[in-house]
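Please read the structure below before turning to the comments.
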Amino acid sequence: MLTFVSNMASSAWSERILQLLRRMNNFYSAGSSRSSCFRFEIDGAQVGWIPPHVVSLLTPHTDVFLPPQRGAVSLCPSLDCYEKRSEAVNDVLGALRQESSLTCLRGWRDERYSVKQRFCDVPLMWMERAATSIFGVKRYGVHINGYTVNGSGEISMWLARRSVTKQTYPGRLDNMAAGGLAADVGIKHTLIKECEEEACIPADIAAKASPVSTVSYTYENEEGVFPESQFVFDLELPLDFVPCVGDGEVQDFYLLPIEEVKELLATDDFKPNSALVILDFLIRHSLIEPDTEPYYQEFVTGLHQTL
């Protein structure tokens, strides 16, 4: 009987994680808006997906956007360099901030994100972070798994509780530190900055974090399309180290046994993309194995989608 109950609990956890992965990759599922979206192209390279209702708001700006052709929206040829494109589109976005249907622009951050087809490409322009979803532009971030290993080899993980004043997912559980990758800022620099600002982790400790993976997914909601990839780092911390609240984006930190963290992933208490990053941690550290997890392949595939 105990084995049967345990198997049922395990099955329920697996199903919840599978649902999370499907939700975070819903742009490519049946019934998504993908077939009705317009490709956003710059110099013939697709750099995003624009929902139809956004296209109708862009077309009056004929000095910036060409009329839609063959399912694509492109910038005017006169915008032939990084700065011209960036400034022209930003002017349009400034005007569209008054448009009530574009709720994402209410969260304007004055943060510049690079716009490019692949991460390794030269950026074609920059765009205000809050607007990237209405253009379906790829967004990159850095997530840090902070964890400890005691003398018996047992792993515990530091989790952050997001501030209730955060624009997105207020009050949810999160990675110990994380942040978006702004234009012209390096990955390791972002890692060290976020560790210092959010968790008061000294730079000499944060610099020991190891790059271990990327987690990629594409989802859509009422605010647009979100093709995202997170650069994942693992940072084993000293047993006596305690992160502290820094810039106010976090309200508290918890050190929890990894099994408890695993159970929390299947609840609604976690910021969804951070749950994916920790799922990746569990797989890489053999805390989830293919002999015992029936959805192992689905988990791995769902964490590493092509943007």
Exercise for the section: Look at Ser210 and say whether it is open to solvent by less than 50 Å² (accessible area, probe 1.4 Å) and either of a type in the set (Val, Ile, Thr) or closer than 29 Å to Arg118 by Cβ (or both). Expected result: no
Exercise for the section: Would you please name the residue that is nearest to Tyr147 (Cα to Cα), looking only at residues in the range 278-298 that are open to solvent by 70 Å² or more (accessible area, probe 1.4 Å) and of a type in the set (Asp, Glu)? Expected result: Glu289
Handout entry: Flag for Thr132 being among the hydroxyl-bearing types (Ser, Thr, Tyr) and under 30 Å from Pro77 (Cβ atoms)
Key = yes
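Residues are listed down the side, and each one gets a yes or a no for (1) crowded, with 18+ Cβ neighbours inside 10 Å; (2) hydrophobic (A, V, I, L, M, F, W, C); (3) closer than 28 Å to Ile50 by Cα; (4) assigned by the TED database to the domain that holds Ile17:
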| position | (1), (2), (3), (4) |
| --- | --- |
| Gln230 | yes, no, yes, yes |
| Glu236 | no, no, no, yes |
| Val242 | no, yes, no, yes |
| Gly246 | no, no, no, yes |
| Gln251 | no, no, no, yes |
| Pro257 | no, no, no, yes |
| Lys262 | yes, no, no, yes |
| Lys271 | yes, no, yes, yes |
| Leu276 | yes, yes, yes, yes |
Practice task
State whether the residues of the range 119-135 include one that is open to solvent by less than 50 Å² (accessible area, probe 1.4 Å), in contact with a Pro (Cβ under 6 Å, 6 or more places away or on another chain) and either in contact (Cβ under 8 Å) with a residue 12 or more places away in the chain or on the phi > 0 side of the Ramachandran plot (or both).
Solution key: no
Handout entry: Among (1) open to solvent by less than 40 Å² (accessible area, probe 1.4 Å); (2) over 13 Å from Glu249 (Cα atoms); (3) of a type in the set (Gly, Ala, Ser) - the single one Gly179 does not satisfy
Key = (2)
Handout entry: Inter-residue pairs, beta-carbon under 8 Å, first more than 25 Å from Leu66 (Cβ to Cβ) and among the small types (Gly, Ala, Ser) and in the range 27-43, second part of a strand (DSSP E or B) and modelled with pLDDT under 95, 6+ apart
Key = none
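The values are calculated or read from the model by the stated rules, or taken from the named source; none is laboratory data. Computed from a prediction, not measured in an experiment: that's the story for all the values here. Please note: Cβ atoms are built from the backbone with ideal geometry, for glycine as well, and neighbour counts cover all protein chains shown. Ligands, DNA and RNA are stripped out before the accessible areas are found, and what is left, the full protein with its side chains, is counted by its heavy atoms. Shrake-Rupley method; radii C 1.70, N 1.55, O 1.52, S 1.80 Å.
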